[in-house]
Amino acid sequence: MTSITTQTRRRSTTLVLLGCSIVLIVLSLGAGLAQEPQKPETKSPEEVKAEETFTRNCVKCHPVDRIAGSRRTRTQWEEVMTTMQTARGAVITDEDWEVIQTYLVKHYGRVNVNRATIDDLVEVLGITPELGDAVVKYRKEHGNFEDFDGFAKVPGLDPAKLEKLRDAISF
């Protein structure tokens, strides 16, 4: 009788452990499938050219973290670039000027969402022109944005994407 009870307990314990193992495996697989796969960043040929132009002209004298240390508006980046040419002797061709300035604004730009044009919003925040138009219309109808949370309420904007660009947004 004792050996039958012991065998039954062992089988029960084995079945419970096996069942738990299966549940854990299924949960692990489900969690893995629920995660979005990492997509490698693909850059357009224009973006590759812009990055190369920026690197060739700017990074040879300044580390990227110094350049990226403060966000600026398009006008402010233009002033910095002009100073680099006139006071520091940087040589930037006319062809490279707009490419570098656009790159700087796109990656290290700042936009005041209470005064920005549609183009400024599109360039700095990477939103579509339609969303830029929606922001401008919303601003006209509801007044200036008080803060980030108020701005994020514009229909169509992705708050998670905006959160990553929070330091690029001013009021």
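Throughout, read-outs are computed from the coordinates displayed, never taken from laboratory work. It should be emphasised that the depicted structure is a prediction, and the values quoted were computed from it without experimental measurement. Because the Cβ atoms are built from the backbone with ideal geometry, glycine has one as well, and the counts that use them run over all protein chains shown.
Checking every one of the trypsin sites (Lys or Arg not before Pro) in the range 97-144 against DSSP loop status and a limit of 13 other Cβ atoms within 10 Å picks out R115. Legend: ranking of residues S70, S44, S170 from fewest to most surrounding C-beta atoms inside 10 Å; resulting order S44, S70, S170.
FRET efficiency for the pair T128 and T83, taken as 1/(1 + (r/R0)^6) with r the Cβ-Cβ distance and R0 = 45 Å, rounds to 0.85.
Counting lysine pairs in the range 111-170 whose alpha carbons fall under 18 angstrom apart, excluding pairs fewer than 8 residues apart on the same chain, gives 4. Enclosing the Cα atoms of the range 29-171 in their convex hull gives a volume equal to 150 cubic angstrom per residue. The string of couplings for the range 138-151 from the Karplus curve (6.51, -1.76, 1.60, θ = phi - 60°) is 4, 4, 5, 7, 10, x, 4, 7, 7, 7, 4, 4, x, 5 Hz, one whole number per residue in order, with x for Gly and Pro. The slack between E141 and V48, meaning 0.36 nm per residue of separation minus the straight C-alpha distance, is 29.6 nm.
Need the C-alpha centroid separation for the range 58-76 versus the range 126-171, integer Å. Using only Cα atoms to place each centre, the spacing works out to 25 Å.
Around the amide H of V111, modelled in the peptide plane, lie the amide H atoms of I169, S170, all under 5 Å away and 5 or more residues distant in sequence or on another chain. The label-point distance for F171 and D158, in a model that sets each label 7 Å from Cα toward Cβ, rounds to 2.4 nm.
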